[in-house]
């Protein structure tokens, strides 16, 4: 469906990451001209691997790039949680035929850069997306008819709306909300290891999680199994400041002294590390302001424990497009509907992620309780618990609006 807009001005998208590109692609598929303002000198993505639930593939399909995403993904056979203290299997969840039948799409892992490239390819093919690199948003002005953004060079960009997809340190959010971030105290080290250097006994086709006292590890294959993503997380002894810097193997080793040898060997693999001191923000009920809104990490920055950051950004973009259809291109109405459709779901991700981080890092009696939570649970019961998350698709992305309408009527 194309929306016949009488306004020829572009929709401005602050940020050229996964969320920004998904938004640009969603808008261009409706016929809007889009201008992406990216502060980096080139369009690209840093980081390592990410996990893709079935909801991510539903979003890829809605954005018209499902086939490209599938070609670049590695499909897992199961999800695995191991106790890193005694190498006990806490839960093993198959993700093949029965999983796909239940949720309509697979579970996969992929390099973050491949997700970005997939969305970039789609946006470039649309011919309606204009990319402005080395462009940092510094000032925002808005009235009833449009939005103006001034960049660091004093250049003014005029648009009919503004989508703030500029990440966890969003300038757009700072302008409209101005809320503080919340440093978690959890530090994440990420690295990619070649298959030849990865222990053969751990070359599982799985998203594998080792949970330990105040720490955990994650590993899974990337790029047709030729590489492995390795992520280690620990609760820091230091007072952390939000940011990224180079890390050290000696620091990592100091936090994993209490785990079994099979898990500990993972911490010895990477030749270089990047160190993320993580933060999130409290969920907010309003992130749309007239003709401006937030999307992805700018709207609902979260910790990594639900493996849903990129997935939520793409869901946001799809839902934004559907709200524009529903409002016949009225941006003020559409952006209000969009936040109503997304606030509760994304807040659940933020809050659930915090709780999962606590469960992963349990020690003592809490560790035993955590292990008992999933002992003996059937595959179908695991699937039932995942339904709220992985059952999202284009057809139900506006269900929260329908529910709110019902409640208001009552």
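Just so it is clear, none of the values below were taken in a lab; they were calculated from the coordinates. Keep in mind it's a predicted model, so treat the numbers as computed, not measured. Cβ placement follows ideal geometry from the backbone for every residue including glycine, while neighbour counts extend to all protein chains displayed.
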What is the Cα coordinate range of the range 114-264 on the first, second and third principal axes, sorted by size from largest, in whole angstrom? 62, 41, 24
Based on the Cα coordinates of the range 1-49, what is the per residue volume of their convex hull in Å³? 73 Å³
So between residue 174 and residue 366, what do we pick up on full extension, going 0.36 nm a residue minus the alpha carbon distance? 65.3 nm
Computed curve, the range 1-147, Cα-only Debye sum without solvent term, log₁₀ I(q)/I(0) at 0.10, 0.16, 0.20 Å⁻¹, is -0.46, -0.91, -1.19
Wrap a convex hull around the Cα atoms of the range 19-96, take a quarter of its surface area, and give that in square nanometres. 7.7 nm²
What is the Cα centroid distance between the range 79-146 and the range 333-385, reported in whole angstrom? 18 Å
Equivalent ellipsoid semi-axes for the range 240-335, as square roots of 5 times the alpha carbon gyration tensor eigenvalues: give them largest first, rounded to whole Å. 41, 14, 11
Measure of compaction for the range 222-290 (Cα Rg per 2.2 N^0.38 Å): 1.52
Order these peptides, 382-395, 23-36, by their mean beta-carbon neighbour count within 10 angstrom, highest first. 23-36, 382-395
Modelling each spin label as a point 7 Å along the Cα-to-Cβ direction, I'd like the residue 6/residue 97 distance in nm, to one decimal. 5.8 nm
Rough spin-label spacing in nm, given labels placed 7 Å along Cα→Cβ, for residue 385 and residue 121: 3.6 nm
Fully extended contour minus Cα-Cα distance, from residue 153 to residue 249, at 0.36 nm per residue: 30.5 nm
Using the beta-carbon distance between residue 197 and residue 40 and R0 = 25 Å, what value does 1/(1 + (r/R0)^6) give for FRET efficiency, to the nearest 0.05? 0.25
Convex hull volume of the Cα atoms in the chain, per residue, in Å³? 148 Å³
Could you list the residues of the range 66-84 with an amide nitrogen less than 13 Å from a label point located 7 Å from the Cα of residue 224 in the Cα-to-C-beta direction? 71-74
What helix-only [θ] at 222 nm does the chain give? Using -39500 (n - 2.57) per DSSP H run of at least 4, over all residues, to the nearest 500, the answer is -11000 deg cm²/dmol
